[in-house]
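Working notes, beginning with the structure itself.
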Amino acid sequence: MTKGNINVSVENIFPLIKKFLYSDHEIFLRELISNATDATLKLKHLTTIGEAKTEYGNPVIEVKIDRENKTLTISDQGIGMTGEEVEKYINQVAFSGAEEFLEKYKDSAKDSGIIGHFGLGFYSAFMVAEKVEILTKSYKDAPAVRWVCDGSPQYTLEETTDKENRGTEIILHIAEDSTEFLEESRIRELLLKYNKFMPVPIKFGTKTETLPLPEDAAEDAKAETVEVDNIINNPTPAWTKAPSELTEDDYKSFYHELYPMQFEEPLFNIHLNVDYPFNLTGILYFPKLSNSLNIEKDKIQLYQNQVFVTDEVKGIVPDFLMLLRGVIDSPDIPLNVSRSYLQADGAVKKISSYITKKVADKMASLINENRDDYEQKWNDIKVVIEYGMISEDKFFEKSDKFALYPTTDGKYYLWNELEEKLKPTQTDKDGKLVLLYATNADEQHGYVQSAQDKGYEVLLLDSPIAPHLMQKLETSKDNISFARVDADHINNLIKKEDAAISKLNDEEKESLKKKIEEAVNDTKFTVQVEDLDSSEAPLLITQPEFMRRMKDMQATGGGGMFGMGGFPEMYNLVVNSNSEFAGDILNNDNVDEKNTKIKYALDLAKLSQNLLKGKDLTDFINRSYQQLSK
Ligand code: ADP
């Protein structure tokens, strides 16, 4: 038997390990299972190249709890270690690795997050165990050995006959303060969190299974139940396979495997697969989002060689894609580093822009493959796409190929189609293309109707970030502008050359304006007399585009020129000089009757703009009933 001191310069490294990232103690299990997996895959490699003269078989990793002896054992059937190798890898190399790691990241550990996810390796066992035993037998012809260390720098190493089969058993004598790791439910939870998709089968406990009855079984035959190994993981998750091997159903069932509590089907998926200039595989899913910007759980999961690392992918995945779900697996994402470093890391930036490009390409191919289907899904994906267009220039540049602009009557245009269709009708006298839109087709119905009567198309831009998108489009595209249908009366929204004909002269208009102002008597409204078609409404409430859009933008963040809540409520009250109503008011000398009529008309205009509420609405209804019974 050998006794020795672990190669250590920091005398008290164990207490340090114990304290290290207190909340992350649970990662010890992932570290040990990673080691077991590595050992198994190494053996697989050695047997395939003929280096190891042994049967690879169907090795499993087993996790076992012994509550009586307060131990947790992780065993593998991998390459194992000889005594010399334990000396070298555990006593010297591994330890100096842990030591170096702690030295380097002691400070940045506070900037928790991704740090602490990897690197402690074998010694993380001491976060939860007061004593650790390694029982190991190499695939080489060498005796098995037992290594024991109780958390002080002293260890013992001796040959043993206790282990006959190839592989390694790590026996953790769980410390008093870590007994949670002797609970079956806790271990199961950890295995499912970190090891659900690891490449070697992991056995934890047993389960009973009912055997199928043979075909010729007697009628009263009872089905037999047997105990079978309970394999926790799926060693070959969908993202490790080639897209050509997978059907649409495979992608869907993997989605549910990933998010067991998610019952809705994803809309579509994007299979990621690069090996140069970095390695990355994964599958991203577009979930049904509609207009909600709120997804807290079921986030994108980050793996490294099938080991779960984190679902905090900020920085690696561009912000707008955080709304997606799925997995990303890359050995090239540096994990031992703090968040701020991660964002500045060149490799990470490349990964982020690769993902952005890939999503853009996928969108373009989806719309080409099946435009109908894509249009139907647009409402659920638009928030992601629009957010991407606002926040990532590279994505915006490609978006003409896949960003749709729907109309209130259910047509969908790509940008170029839209321009081509609208140019002949909606170009104003200065050569600017005016894109009319509604944010709510029902609430703005009257205005939409007026625009459509003129032969104009009205877009439906109803996502919360649409105002930001319009701003972006107006600054990027030549000579276009957006105007909501109620931003002005229709002749003013798209100004044409032909002068409008007026039934009234200037003097009459001035007098009409005065009368209306007196009757309305509200500074919220700026009265403006306009020569509209006689068929148009006599009174119309409009809200200038700029103010309203700024207000909308402020509501979803950004664009706040006036500071929070600094927008005064201002409207224009457009009076149609060519309406019968205008002539009526002008020629009516009964002040009371005239004022009653104007108030009534104003109420109707307010109704049409959803502005008639509360007491005003009740009064209006009562007055209307009185009118009915007259
Ligand atoms: P790392 O895995 O990062 O190298 P560890 O401290 O986890 O660091 O392990 C140190 C070394 O010990 C490994 O590189 C490996 O050679 C050896 N080792 C650890 N666990 C096992 C195991 N289950 N089977 C065989 N070798 C192992």
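Residue-by-condition table, conditions (1) within 19 Å of Asp486 (Cα to Cα); (2) open to solvent by less than 20 Å² (accessible area, probe 1.4 Å); (3) touching a residue at least 12 places away in the same chain (Cβ under 8 Å); (4) not hydroxyl-bearing (Ser, Thr, Tyr):
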| residue | (1), (2), (3), (4) |
| --- | --- |
| Ala519 | no, yes, yes, yes |
| Glu545 | yes, no, yes, yes |
| Lys594 | no, yes, yes, yes |
| Ile598 | no, yes, yes, yes |
| Ile621 | no, no, no, yes |
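Output the number of residues of the range 340-380 satisfying the condition of being touching a helix residue (DSSP H, G or I) at 6+ places or on another chain (Cβ under 6 Å) and hydrophobic (A, V, I, L, M, F, W, C).
Taking the range 340-380 and keeping what is touching a helix residue (DSSP H, G or I) at 6+ places or on another chain (Cβ under 6 Å), we get 342, 348, 356, 360, 364, 366-367, 374.
Within this subset, residues satisfying the condition of being hydrophobic (A, V, I, L, M, F, W, C) are 342, 348, 360, 364, 366-367.
Matching residues across the range 340-380 total 6.
Working only within the range 118-145, note down all residues that are assigned to a helix (DSSP H, G or I) and either hydroxyl-bearing (Ser, Thr, Tyr) or open to solvent by 20 Å² or more (accessible area, probe 1.4 Å) (or both). Break it down into steps so the answer makes sense when it comes.
Quick first cut of the range 118-145, residues assigned to a helix (DSSP H, G or I) only: 121-127.
Correct list: Tyr123, Ser124.
Could you tell me which residue of the range 25-82 is most open to solvent (accessible area, probe 1.4 Å), considering only residues that are within 11 Å of the ligand (Cβ to nearest atom) and part of a loop (DSSP other than H, G, I, E, B)?
Going through the qualifying residues, I end up with Gln77.
Give just the number: which of (1) modelled with pLDDT under 95; (2) at negative phi does Gly57 not satisfy?
Among (1) modelled with pLDDT under 95; (2) at negative phi, Gly57 violates only (2).
Do any strands (runs of 3 or more DSSP E) lying entirely in the range 377-487 carry at least 3 residues that are in contact with a His (Cβ under 9 Å, 6 or more places away or on another chain), and which ones are they? Talk me through it step by step, then tell me what you get.
Values: elements: 433-438, 458-460, 480-484.
Of the strands (runs of 3 or more DSSP E) lying wholly inside the range 377-487, none has at least 3 residues that are in contact with a His (Cβ under 9 Å, 6 or more places away or on another chain).
May I ask you to list the residues in the range 381-403 that are in contact (Cβ under 8 Å) with a residue 60 or more places away in the chain, open to solvent by less than 50 Å² (accessible area, probe 1.4 Å) and in contact with a helix residue (DSSP H, G or I) (Cβ under 6 Å, 6 or more places away or on another chain)?
Passing the criteria: Val384, Glu386, Gly388, Met389, Phe395, Phe396.
Can you name every one of the strands (runs of 3 or more DSSP E) wholly within the range 146-256 that holds 2 or more residues which are more than 16 Å from the ligand (Cβ to nearest atom) and surrounded by fewer than 17 Cβ atoms within 10 Å (Cβ to Cβ)? Step through it out loud before you land on a result.
Values: elements: 154-160, 167-174, 202-210, 225-231.
The qualifying strands (runs of 3 or more DSSP E) are 154-160, 202-210, 225-231.
The values are calculated or read from the model by the stated rules, or taken from the named source; none is laboratory data. Quick caveat: nothing in here was measured; it's all calculated off a predicted structure. Heads up, the Cβs are rebuilt from the backbone with ideal geometry, glycines too, and the neighbour counts pull from every protein chain shown. Areas reflect the complete protein model, heavy atoms only, side chains present, ligands, DNA and RNA absent. Shrake-Rupley method; radii C 1.70, N 1.55, O 1.52, S 1.80 Å.
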